[in-house]
1. Only Lys, Arg, Asp and Glu count, each charged at its Cβ (+1, +1, -1, -1), so figure out the dipole size of region 1-128 about its Cα centre, rounded to 20 debye.
2. What residue among ALA64, VAL74, TRP13 has its Cα farthest toward the positive end of the dipole of region 1-129, where the charges are +1 on Lys, Arg and -1 on Asp, Glu, each on the Cβ?
3. Under the Karplus relation 6.51 cos²θ - 1.76 cosθ + 1.60, θ = phi - 60°, what is the ordered set of whole-Hz ³J(HN,Hα) values for region 12-20, x standing for Gly and Pro?
4. With charges set only on the Cβ (+1 for Lys and Arg, -1 for Asp and Glu), what does the dipole of region 95-148 come to about its Cα centre, in debye to the nearest 20?
5. About its Cα centre, what dipole magnitude does region 1-41 give when the only charges are +1 on Lys and Arg Cβ and -1 on Asp and Glu Cβ, stated in debye to the nearest 20?
6. Past 23 Å, Cα to Cα, is the threshold; run LYS164/LYS317; LYS37/LYS94; LYS196/LYS304; LYS197/LYS317 against it and keep the listed order.
7. For region 202-305, what class follows from the C-alpha gyration tensor (a ≥ b ≥ c being the square roots of its eigenvalues): rounded when a/c is under 1.5, otherwise prolate if a/b is larger than b/c, else oblate?
8. For a quick check of your reading of the filter: which GluC sites (Glu not before Pro) in region 65-155 sit in a DSSP loop and have no more than 12 other Cβ atoms within 10 Å?
Amino acid sequence: MAVRLRRRGDVWWLDFRWNGQRIRRSADTSNRELAEKLAKQVEARMLLGKTPFPSEPQRGLTFAKHTEDWLARVEGGLRPGSYLTYAQAVREVKPLIGSKLLAEISRSDALAIVRHLIDGEEGRRSRKTVANLVGALQSAFEDAVSVQGILSKNPFANKAQLLKAAGLRTDELPAEGSGAQPYTIEERDKLLKAAKKKDRWIYAGALLGLRAGLRRSEVLGLRPDDVDLVDRYLHVRRRIIDGKVDNPKTEKSRRTLPLSTELASVLQDQIVFNAKRDRGEWLFPSVRKTASVQDDRRFGDRFKRIVKSAGIEGHPKPFHDLRHTFATDLLLAGVPIFKVSRWLGHSSIQITCDTYGHLLPDPEEHGVVDALDGLTMVTVGHNLVTMDENTVSDDEGDLTELGDFKGNLWYAGRDSNPRPSGSKPDALSS
């Protein structure tokens, strides 16, 4: 239960493990002696089976102060993408409850915050996005309950109930025209023409989205040795999130893709261009010479400006829609969905089917519904016509136009075998 001291800037931090979790907390002092005294107090409390920090002095703790401390402690144990979600949730909520005491934040406050998160800066968010942000807040408060021991209950507990109360149903359909919108041929021509003229990195990145289906973070994570120009293959081995190098999103996101002739040529030019300027470590180096890796948000902003300058209107058309365009083009061209799933780096083929299954052509579907046309010959309204040799129908004059109707029509509803040639038809039954 030893508590170690670590210095971050001018402030000392406590670093220890409690209840199976690693705790890192600011001592709020630059004085080493005071920090050592606090560390001994924490050790003594844990030896007595108490929470590391007494709850009484923490009653004045605000949401802003707690989440600042919490983010600093969890950052090292999270993937960059997850940390970004945590930080975004705190940043968006801080103007609402940042100065409010942690112990005073109620369930009704939590519900109001969820409703606030639903309507993001760019319009109504999807249920999944809101759920991720609420999950981050849930974790922040759970830290105050289970780890710090300064709260008795979590106002963001039972996330599903909160989302439902805020009006987000599990079966809610996205608004028409929202979500993934593949680029039309005209739009992609406009985009590539504008990018080629104004920003060679955006041009190469856009081609990687359109011709290889790469995510933006995967584009920025490419190095020259990931490009096999001899056999024309591309190896996706890493990604860059928030200016930090990270592993691919999932195990299957680490993959090898075939390169089109045009894309291979563009990437070769990119490698040569960077090498001449001594920026050859990354295929998409930072525009700032003080940093080696490209910031994915800055890259995204540059992409948006190119889209706007290209005159592409309507849907925002983010970079990720290039990936959807790639998948759509392949499936409509008849490429097997299992291969498309592998090239996209989806963790399972079910994700690919759920996202793009409606694009899969079925050569037999018209044959199936066309077979139903024959059944209308034996129906009048909603009632089946029943006939035998002694039955005379009022419509017999009309039926004779169909040829030997009574002699050739048979009903397979009772018997899977067709009537033998020359035998008399059984009466049709409903």
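Throughout, read-outs are computed from the coordinates displayed, never taken from laboratory work. For clarity, every value in this text was computed on a predicted model and none was experimentally measured. Cβ coordinates were reconstructed from backbone atoms using ideal geometry, including for glycine residues, and neighbour counts include every protein chain displayed.
1. Values: 26 positive and 16 negative charges, 87 e Å.
Roughly 420 debye for region 1-128.
2. VAL74
3. 8, 10, 8, 10, 7, 10, 8, 6, x
4. Working: 7 positive and 7 negative charges, 52 e Å.
Once rounded to the nearest 20, the dipole reads 260 debye.
5. On the way: 11 positive and 5 negative charges, 43 e Å.
Value, rounded to 20: 200 debye.
6. Values: LYS164/LYS317 29 Å; LYS37/LYS94 32 Å; LYS196/LYS304 15 Å; LYS197/LYS317 19 Å.
Result: LYS164/LYS317; LYS37/LYS94 exceed 23 Å.
7. Numbers: a/c = 1.43, a/b = 1.14, b/c = 1.26.
Verdict is rounded for region 202-305.
8. Listed in order of number, the matching sites are GLU121, GLU122.
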